Amino acid sequence: MALFQSSTRVIPNAPGVPRHIAIIMDGNGRWAKKRFLPRVAGHQRGVEALRETVKACRELGVEYLTVFAFSSENWRRPADEVSFLMQLFLKMLEREVAKLHENNICLKIIGDRSHFDDQLNRRIAEAEQLTANNTGLTLTIAANYGGRWDIMQAVQAMLRAHPELSAGFSETELEPYFSMHYAPEPDLFIRTGGEQRISNFLLWQMAYTELYFTDTLWPAFGRKALQAAIQSYQARERRFGRTSEQVRGEQVPEGKVDA
Ligand code: IPE
Ligand code: IPE
Ligand code: MG
């Protein structure tokens with residue numbers, strides 16, 4: 001298992017290919033509406049966009065790809081759309097897992113599974129088990145995920161394991177309990193569909209992630225759009241609180257500010 005690294009403490013080298021990309025795959029409904037199709041047709045096409053993105057990430061050498069498939073707030077949608085999305089998720093697991101495994105991809109699902117039916121939970125467990133030892137890209141699907149839920153469950157799990165920490169604990173003590181403890185924090189966040197918000201995605205983990213928003217609707221996203229996002233990322237200077245001169249390695253006296 002990869003060691004948990006906090007980008008806010010472990011400063012990565014100058015941006016090359018991001019190790020970890022997190023994506024909010026938004027705009028499926030609008031993509032379909034533009035074509036006079038039902039919203040669910042957009043979700044269906046969204047699976048293809050995901051397939052292409054996974055392939056491109058593998059080829060580019062991205063180590064972790066994390067995608068938001070269903071938020072804890074998406075239960076508020078019409079019942080038939082929610083049930084379509086659950087069915088689509090199940091079908092995707094059934095159809096794609098063998099191919100993911102062939103491609104050495106490690107699949108992980110994060111989110112609150114207590115609302116999923118038994119069949120879906122079984123498939124999730126099987127898929128994770130089958131691909132657990134794969135050493136290529138780690139693909140994480142966030143389903144019934146919420147950033148606040150993640151922080152709350154982490155605190156509760158930590159306290160169950162270590163009741164003595166109720167008197168106080170550090171970030172390092174809490175971090176192993178987050179859903180994404182196995183991955184470094186995202187370097188690059190992409191949201192398609194034009195909205196500029198986080199929508200309760202990886203709140204804790206994105207403290208220092210570079211944010212990229214594009215109007216491209218998710219079903220139209222693919223290799224080219226991914227490359228554009230990575231190019232934007234590579235043109236940025238990740239300072240993590242330091243000055244530009246420090247980042248560029250110029251000679252400046254180090255030290256902390258005395259208040
Ligand atoms: C994102 O697309 C997919 C999910 C939230 C499941 P949307 O369904 O939100 O598409 P828009 O935003 O309505 O276009
Ligand atoms: C965010 O998309 C969640 C997913 C893509 C799964 P939404 O379309 O649900 O986000 P909001 O509600 O418009 O912020
Ligand atoms: Mg949306």
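The values are calculated or read from the model by the stated rules, or taken from the named source; none is laboratory data. Being a predicted model, the structure only gives us computed values, none of them experimental. Neighbour counts are summed over all protein chains in view; Cβ atoms, including those assigned to glycine, are modelled from backbone coordinates with ideal geometry. Just so you know, the surface numbers come from the protein's heavy atoms only, side chains and all, with ligands and any DNA or RNA stripped out. Shrake-Rupley method; radii C 1.70, N 1.55, O 1.52, S 1.80 Å.
When R30, R35, R77, R39 are checked against the criterion of being open to solvent by 50 Å² or more (accessible area, probe 1.4 Å), under 20 Å from D215 (Cα atoms), free of Cβ contacts under 8 Å to residues at least 24 places away in the same chain and within 14 Å of ligand 1 (Cβ to nearest atom), R35 stands alone in meeting it.
Select, from A161, A143, the only residue that is within 28 Å of A207 (Cβ to Cβ), of a type outside the set (V, I, T) and touching a residue at least 60 places away in the same chain (Cβ under 8 Å). Can you show your working first?
Numbers: A161 fails: touching a residue at least 60 places away in the same chain (Cβ under 8 Å).
Sole residue among the options that is within 28 Å of A207 (Cβ to Cβ), of a type outside the set (V, I, T) and touching a residue at least 60 places away in the same chain (Cβ under 8 Å): A143.
Once the stretch 44-75 is narrowed to residues that are of a type in the set (K, R) and in contact with a helix residue (DSSP H, G or I) (Cβ under 9 Å, 6 or more places away or on another chain), the residue that is farthest from ligand 2 (Cβ to nearest atom) is K55.
Screening R58 on (1) in a helix (DSSP H, G or I); (2) open to solvent by less than 40 Å² (accessible area, probe 1.4 Å); (3) touching a residue at least 40 places away in the same chain (Cβ under 8 Å) shows it passes everything except condition (2).
Restricting attention to the stretch 129-178 and to residues that are of a type in the set (D, E, K, R) and open to solvent by 40 Å² or more (accessible area, probe 1.4 Å), the residue that is modelled with the lowest pLDDT turns out to be E171. For the stretch 137-250, the helices (runs of 4 or more DSSP H) that sit wholly inside it and include 2 or more residues that are within 30 Å of S114 (Cα to Cα) are 147-161, 171-174. Go through the stretch 195-224 and count every residue that is open to solvent by less than 30 Å² (accessible area, probe 1.4 Å) and out of contact with any Lys or Arg (no Cβ under 7 Å at 6 or more places or on another chain). Residues that pass the stated criteria total 9.
State all residues of the stretch 61-74 that are within 14 Å of ligand 1 (Cβ to nearest atom) and surrounded by fewer than 17 Cβ atoms within 10 Å (Cβ to Cβ); if no residue qualifies, say none. The answer is E73, and nothing else.
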